[in-house]
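Novice: First the structure, then my questions, so here it is.
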Amino acid sequence: MKYIDEYRCPRKIKNLTDAVKDIVTKPWKIMEVCGGQTHAIMRYGLETLLPDFITLLHGPGCPVCVTSQEIIDKAIETAAEKDVIFCSFGDMLRVPGTKKDLLSVKAEGGDVRIVYSPLNAVKLAKLNPGRIVVFFAIGFETTAPANAMSVIQADRLKLNNFKLLTSQVLIPPAIEAILSPPNTAVNGMLAPGHVCTVTGYENYENIARKYEIPIVVTGFEPVDILSGILKCVEMLEKGDNRAANQYARSVRREGNLKAQQIISDVFQVTDYKWRGIGMIPDSGLKLKAKYSKFDAEEFFGAVELNDDTNDRCISGLILQGVKKPDQCPEFAVNCTPENPLGATMVSSEGACAAYYKYRKSRL
Ligand code: SF4
């Protein structure tokens, strides 16, 4: 299939892995930031094709995984409210809260609906003026423009019954938290291509300079990922600590300016608690005061953040590249996708869930 096969071509994959073998002279730890990249690495067994000198670490780029338990509990509580239509992308429905998940609320009679765009939720609000329609707005910079558009559209339509329950996170502050001492397990990084399509990669140039580390903007297919790794190894071997773009078919340095403008019209930067990592300053988005009437937390009450550390779970260390999923004693023993104990097992894009799906048979 055009645009797929060429990025999964076995000959290109072999050429790229051979090129890495030819140039690598010492051990390097490279972190892929995005959960989609982690999933592809495990699915295609890319790590097994690379020389032993290369260790791949799996970063915090799974938005479902890093959504805090308290926000998931708030979603469940809100969805159970009378006269609420609760709209979400499908992948959030099975994420467990403290006592149940959104699917259980639906089974108990709650009006929980899967939508494919936040604009569908706006339409529902227009069609149901007597009910409150809440959209669960989670994700990185990739989902923020459409979520912002839904608020602009609801405002244009003068809808008072549309609300966003917001859990929007920003990647660069999380990368900085990972690279800040003492969390310095990472030598090079693959930046998330889809996020950079929106944001561009100027921010990543600053981070590369500040932490003296090469960062390569990388896509999601095997050839993309191996091209990113090859570029990163070349830069590591030369001591070239800059940002580079290996995903030029999608990413421009300045990103999508229109999308950035829409985000900054609607949202402002705020501190955010990442599940498994904790509070990271300026790493989230919340609605600006002028749009506060669309804020589900203003309407239903604010999310109360707790200390939810589970000492059996090392997902915080995994998300920071310090440990790998199969180094966790609970992995595939007491922690499975059906019964996840921590952040990185709750979504199929999480590192523990990817290891469980593709590696369990090899343990
Ligand atoms: S296997 Fe489960 S308990 Fe262990 S780190 Fe992953 S999510 Fe946490």
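Novice: How do 170, 164 line up, fewest other C-beta atoms within 10 Å first?
Specialist: Ranked by crowding around the Cβ, least crowded first: 170, 164.
Novice: Right, next: Where in segment 288-303 does the label zone of residue 279 land, with the point 7 angstrom along Cα→C-beta and an amide N cut-off under 17 Å?
Specialist: 302-303
Novice: Right, next: Stick to the Cα atoms of segment 107-146, pair each with every other, and give me the Kirkwood hydrodynamic radius in Å at one decimal.
Specialist: Taking every pair of different Cα atoms in segment 107-146, averaging 1/r and inverting gives 11.5 Å.
Novice: So how much slack lies between residue 11 and residue 289, counting 0.36 nm per residue of separation and subtracting their Cα-Cα distance, in nm?
Specialist: That pair, residue 11 and residue 289, stretches by 94.7 nm at full extension.
Novice: Given the -39500 (n - 2.57) contribution per DSSP H run of 4+ residues, what per-residue ellipticity at 222 nm results for the chain, rounded to the nearest 500 deg cm²/dmol?
Specialist: So the helix-based figure for the chain works out to -11000 deg cm²/dmol.
Novice: Under a Cβ-Cβ limit of 4.7 Å, which cysteines in the chain have nobody to pair with?
Specialist: Those would be 9, 34, 87, 196, 232, 313, 328, 335, 352, since no other cysteine Cβ in the chain comes under 4.7 Å of theirs.
Novice: In a shell of Cβ-Cβ distance under 10 Å around residue 125, excluding residue 125 itself, what net charge do Lys and Arg (+1) and Asp and Glu (-1) give?
Specialist: Counting the neighbours of residue 125, the net charge comes to +4.
Novice: Compute the signed sum of charges (Lys and Arg +1, Asp and Glu -1) over the other residues within less than 15 Å, Cβ to Cβ, of residue 156.
Specialist: Within the 15 Å Cβ shell, the charges total +3.
Novice: If a paramagnetic tag sat 7 Å from the Cα of residue 302 along the Cα-Cβ line, which residues of segment 132-156 would have the backbone N under 20 Å from that point?
Specialist: In segment 132-156, the label zone of residue 302 (backbone N under 20 Å from the point 7 Å along Cα→Cβ) covers 137.
Novice: Need one number: nm distance between label points at residue 26 and residue 237, each 7 Å from Cα along Cα→Cβ, rounded to one decimal.
Specialist: In this crude spin-label approximation the distance works out to 1.4 nm.
Novice: Counting every Cα pair in segment 1-99, what percent are over 25 Å apart?
Specialist: 44 percent
Novice: Let me ask something additional. What fraction, in whole percent, of alpha-carbon pairs in the chain exceed 40 Å separation?
Specialist: Counting every Cα pair in the chain, those more than 40 Å apart make up 14 percent.
Only the coordinates and a few stated rules stand behind these numbers; no lab work does. It should be emphasised that the depicted structure is a prediction, and the values quoted were computed from it without experimental measurement. Positions of Cβ are generated from backbone atoms using ideal geometry, with glycine treated the same way; all protein chains shown enter the neighbour counts.
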